[in-house]
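The values are calculated or read from the model by the stated rules, or taken from the named source; none is laboratory data. Everything numeric here is computed off the predicted structure, so don't read it as measured data. All Cβ positions, even for glycine, are placed from backbone atoms using ideal geometry, and neighbour counts span all protein chains on display.
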Amino acid sequence: MIEVEDLFKVFGSKTAVKGISFTVKDGEIYGLLGPNGSGKSTTLRILAGIIPPTRGKVLVEGVNVAENPLEVKRITGYIPETPLLYESLTPMEFFSFVGSIREVPRAELEERVSRLVKAFGIEEYLGELIGTLSFGTQQKVSIIAGLLHDPKALILDEAINGLDPKSARIMKELLNRFKEEGKSIVFSTHILAVAEALCDRVGIIYNGEIIAEGTPEQLKEFVHEESLEDVFLKLTESQEEVSSLVRALREAF
């Protein structure tokens, strides 16, 4: 379980996260949705123990992030928006490095690497330098590395971005399997159709605050819209702006 209570994060004169609270239950997929600059990535980085909160309480599987960030990193799988990889290593060397840091037994590591590499179809790149790989392939390497230690909770920041349709489908299937295993999963995405299909609940964050939370169906019913995309645009005051831009494009072309 992931519990966030009255979370604040201040950078200098800017308050990026303003007192948000939410809970992700065991066996639940929670989507954190919001425009660029709304505080999504900051929130997820705090949950993963990457940066400390300014104020508030965050518990991941009962572990306080502020008090024990190393333990939080041990039990979570964090996949950032931009892959953070050692470009001078090959994927196979990187997986071995991650496995040693995560203290994954050799036999288990080899089995998991084999299974995930095959699922994402990157066998032919295992001996290539990471720095020479495409963004999409690097993203697959980042995803595999984040799953090697069989984490108790998953924190994914735009992890599906950059994936080809087949790999995106595989990622969605993996998330559903992890949900069935009872893992807590929180992720952000700009692909709202994915969020609507996958998430048990979503929280819409805007200017550092969660302005709406519920199941996709509850949110659609609440604002009288037919899709999560329309709910998102309406609640973040973007619908009128988007409609006017679409009209202008039609008139121009």
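Observations
- Each residue in the range 34-57 was checked for being closer than 11 Å to Val186 by Cβ and out of contact with any Gly (no Cβ under 6 Å at 6 or more places or on another chain), and 4 of them qualify.
- Val186 fulfils the conditions (1) assigned to a helix (DSSP H, G or I); (2) surrounded by 19 or more Cβ atoms within 10 Å (Cβ to Cβ); (3) not acidic (Asp, Glu) except for a single criterion, (1).
- Top-ranked residue of the range 157-190 - restricted to ones that are of a type in the set (A, V, I, L, M) and modelled with pLDDT under 95, ranked as nearest to Gly37 (Cα to Cα): Ala159
- Evaluating Gly62 against the criteria (1) surrounded by 14 or more Cβ atoms within 10 Å (Cβ to Cβ); (2) under 14 Å from Ile2 (Cβ atoms) leaves one unmet condition, (1).
- Any hit, the range 203-219, residues being more than 23 Å from Arg102 (Cβ to Cβ), part of a helix (DSSP H, G or I), in contact (Cβ under 8 Å) with a residue 60 or more places away in the chain and not polar (S, T, N, Q): no
- Of residues in the range 58-85 being hydrophobic (A, V, I, L, M, F, W, C) and assigned to a strand (DSSP E or B), the one farthest from Ile20 (Cα to Cα): Ile79
- When the range 115-144 is filtered for residues that are of a type in the set (Gly, Ala, Ser), closer than 19 Å to Arg169 by Cα and in a helix (DSSP H, G or I), the ones remaining, listed by number, are Ala119, Gly136, Ser142.
- Evaluation of Gly49 against (1) modelled with pLDDT of 95 or more; (2) in contact with a helix residue (DSSP H, G or I) (Cβ under 8 Å, 6 or more places away or on another chain) (one fails), failing number: (1)
- Just one of the listed residues (Ser38, Ser96, Ser88) is under 28 Å from Phe135 (Cα atoms), part of a loop (DSSP other than H, G, I, E, B) and at pLDDT 95 or above, namely Ser88.
- Residue within the range 171-180 that is crowded, with 18+ Cβ neighbours inside 10 Å, touching a residue at least 24 places away in the same chain (Cβ under 8 Å) and not aliphatic (A, V, I, L, M) present: yes
- Remark: Gly19 falls outside the filter, which requires a residue to be in contact with a Cys (Cβ under 9 Å, 6 or more places away or on another chain) and closer than 26 Å to Leu219 by Cα.
- Of the listed requirements (1) in contact (Cβ under 8 Å) with a residue 24 or more places away in the chain; (2) among the aromatic types (Phe, Trp, Tyr); (3) loosely packed, with under 15 Cβ neighbours inside 10 Å, Phe97 misses just one: (1).
- Of residues in the range 22-37 being over 17 Å from Lys183 (Cα atoms) and among the small types (Gly, Ala, Ser), the one surrounded by the fewest Cβ atoms within 10 Å (Cβ to Cβ): Gly37
- Residues of the range 100-114 that turn out to be in a loop (DSSP other than H, G, I, E, B) and closer than 14 Å to Pro151 by Cα, as a count: 3
- Test: residue in the range 128-135 that is modelled with pLDDT of 95 or more, among the polar types (S, T, N, Q), surrounded by 15 or more Cβ atoms within 10 Å (Cβ to Cβ) and under 30 Å from Thr42 (Cα atoms): no
- Out of Val194, Val202, Val231, one residue alone is modelled with pLDDT of 90 or more and crowded, with 18+ Cβ neighbours inside 10 Å. It is Val202.
- Restricting attention to the range 54-101, the residues that are under 16 Å from the mean Cα position of the chain (by Cα) and of a type in the set (Asp, Glu) total 1.
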